[in-house]
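See structure below.
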Amino acid sequence: MHLNILITASEAVPFAKEGGLADVVGALPKYLQARGHDVRVVMPRYYKVDRERYQLRLLPGVLVVPMGIIGNMYCGVSQGTMPGSNVPIYFLEHEDFYGRDSLYERDNQGYLDNDNRFIFLSKASLELCKMIQFTPDVVHAHDWHTAAVPVLMNTWYRHDYHLSQAASLLTIHNMQHQGSFYEGAMDVLGIGWDHFTFLELEMDDQVNLLKGGIYHATMLNTVSEGYAREIQTPEYGWGLEGVVRQRSDVLSGILNGVDYHEWNPEEDRLLPANYSAQDLSGKAICKSELQRALGLPQREDVPLVGMVSRLVKQKGIDVLAQALPRLLELDIQLVLLGAGEPWAHFYFGGMAADRPDRFACRIGYDNSLAHRIEAGCDFFLMPSAFEPCGLNQMYSMRYGTLPIVRATGGLDDSVENFNPQTRSGDGFKFWDLTAGALFDTVGWAVHTWYHDAPGIAALRNNAMAKRFTWENAAEKYERLYLEGMKRKLGDEKFRKLEAERTPARGKASIEETPGYQPQA
């Protein structure tokens, strides 16, 4: 049935991005709209979101946001559309909170007022429904930045005309970051101190927004089935595993999709040559050009291993650093693109200077280079300590670049380990987060490259045929929304609403959606 869906988040592609959260919020609404739903998105307008570039128009009036002990605060609202669609997106205009160069932090330190900034985002997202006269069936919040939304819906807005019947879904993209602040944030939330308890918002004498969202949300999900299981354990739950286990009956995992309009070696404009599974000659050109551009010897006969990553412990760069000297003793080449912890910049930069014949490192992020690494490499390395979903392994498969991954979260869900006897699988996996396990698995992949050409060819064919589509993910999210509505309304009211509503489109293609245009 047709649904009204409000999606609120701190970032979305192409407007502002720090991680995979932005990819989800940038893609999912378009595919939900293609299924016949009325979808609205709301996020802050950071400085980097250019009004003219995205043709934003300022809506008349001012949005009044009740901020508890602070009192009423005010913001403007600009409206645009998600590129490549006609999904409306609303930007909160508040210079004091969002007129900053970065989204969450400066010099690796979170902004001191992040509690107020994102409580404001959560409250303003809900107040926006009144301003635009939108009555959602489901409000979809993401991570700690909008985890206060389910809390507010069950408390402050529980009798609100636009929101009292709406279900809530909280998607957890990364359990490590929880939005933990001093207890005075309760006075800004304004929902009463009786909610500052061990069951709800209190953790270690602080307000934990993610914990509150997990407790109050109608439904919960993560971005892979594996991560949904992992966050119920002490190793991956970051202290909230008990709360998650208590709500496990409403928890599920939905693997992210890939935008194959952007990540397609047959049409990718950022590559020096295009190619397909039937004709890989262009991939050889991509490899040679990547080696030339990064100053590596242009050798066709050496396996090239790539990595595009934030240089933080979550991504296993500490384990990579331990393994790197031994890895560079192998007859391989390795390229690394990323930025993050300062020690990693110095260490990997120094190793590249010492071994320019084997290792190239570029600090920072370059989208064009990321595409060329995906296309030009033979293998793609992801030794993550934890990985809620991961996207690069999916991109790599489409480009015939075989993933070498630690079997955790979405990496374990999406990559099938190579079986030399049956020639099945699409990558190489290891389980122990150690330098030895990483080295051994890279060694296995390299040995296969040198000594089992038919095996590598089979792996490439398997990988390039695999698809992780947003159409499939959107269908699963739709089912989750409907389950949340049943839980919120009860079976009888839900059936009545279902009978009144027009049916959704079902499996309509995004290309058939009004306003759709392929992005350049």
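The values are calculated or read from the model by the stated rules, or taken from the named source; none is laboratory data. Note that the structure is predicted; figures quoted are calculated from it, not measured. Virtual Cβ from ideal backbone geometry, glycine too; neighbours counted across all protein chains shown.
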Revision key, fill the gap. Across segment 269-287, the tally of residues that are within 17 Å of ARG460 (Cβ to Cβ) and not in a helix (DSSP H, G or I) stands at 9
Exercise for review: Can you work out which of the residues in segment 218-232 that are hydroxyl-bearing (Ser, Thr, Tyr) and over 16 Å from TYR481 (Cα atoms) is surrounded by the fewest Cβ atoms within 10 Å (Cβ to Cβ)?
Suggested key: SER224
**Study point:** Subset of segment 333-349 [surrounded by 18 or more Cβ atoms within 10 Å (Cβ to Cβ) and either of a type in the set (S, T, N, Q) or under 20 Å from the mean Cα position of the chain (by Cα) (or both)]
**Key:** GLN333, LEU337, GLY338
Practice item. Among the helices (runs of 4 or more DSSP H) lying completely within segment 445-510, list those that include at least 2 residues that are assigned by TED's automatic domain parsing to the domain that holds ALA375. Key: 453-465
Revision key, fill the gap. Among strands (runs of 3 or more DSSP E) entirely inside segment 1-80, those with 1 or more residues being surrounded by fewer than 21 Cβ atoms within 10 Å (Cβ to Cβ), out of contact with any Lys or Arg (no Cβ under 6 Å at 6 or more places or on another chain) and at pLDDT below 95 are none
**Study point:** Positions within segment 81-99 being hydroxyl-bearing (Ser, Thr, Tyr) and buried (at least 18 other Cβ atoms within 10 Å of the Cβ), in sequence order
**Key:** SER85, TYR90, TYR98
Practice item. Can you confirm whether segment 131-149 contains a residue that is more than 20 Å from GLY26 (Cα to Cα), small (Gly, Ala, Ser) and in contact (Cβ under 8 Å) with a residue 24 or more places away in the chain? Key: yes
Review point. What residue, of TYR215, TYR182, TYR236, is crowded, with 17+ Cβ neighbours inside 10 Å, of a type in the set (Ser, Thr, Tyr) and closer than 22 Å to ASN116 by Cβ?
Key: TYR215
Exercise for review: For segment 291-307, indicate whether the set of residues that are under 28 Å from ASN256 (Cβ atoms), part of a helix (DSSP H, G or I) and without any contact (Cβ under 8 Å) to a residue 40 or more places away in the chain is non-empty.
Suggested key: no
Exercise for review: Just give me the residues in segment 251-296 being touching a strand residue (DSSP E or B) at 6+ places or on another chain (Cβ under 7 Å) and within 30 Å of TYR215 (Cβ to Cβ), in sequence order.
Suggested key: LEU251, SER252, GLY253, ILE254, GLY257
**Study point:** Out of THR408, THR422, THR401, sole residue that is crowded, with 24+ Cβ neighbours inside 10 Å, more than 25 Å from ARG299 (Cβ to Cβ) and modelled with pLDDT of 95 or more
**Key:** THR408
Review point. Got at least one residue in segment 309-318 being part of a helix (DSSP H, G or I), within 17 Å of PHE348 (Cβ to Cβ) and in contact with a helix residue (DSSP H, G or I) (Cβ under 8 Å, 6 or more places away or on another chain)?
Key: yes
Revision key, fill the gap. Of the listed residues (ALA370, ALA375, ALA321, ALA352), the one being part of a helix (DSSP H, G or I), out of contact with any strand residue (DSSP E or B) (no Cβ under 6 Å at 6 or more places or on another chain) and surrounded by fewer than 24 Cβ atoms within 10 Å (Cβ to Cβ) is ALA321
Exercise for review: Give the residues of segment 239-257 that are closer than 22 Å to GLN314 by Cα and buried (at least 16 other Cβ atoms within 10 Å of the Cβ), sorted by residue number.
Suggested key: LEU240, GLU241, VAL244, GLY253, ILE254, LEU255, ASN256, GLY257
**Study point:** Boolean, GLY226 is of a type outside the set (Asp, Glu), over 30 Å from SER164 (Cβ atoms) and part of a helix (DSSP H, G or I)
**Key:** yes
Study note, to complete from the structure: Scanning segment 114-155 for residues that are in contact with a strand residue (DSSP E or B) (Cβ under 8 Å, 6 or more places away or on another chain) and part of a loop (DSSP other than H, G, I, E, B), the one farthest from PHE494 (Cα to Cα) turns out to be ASP143
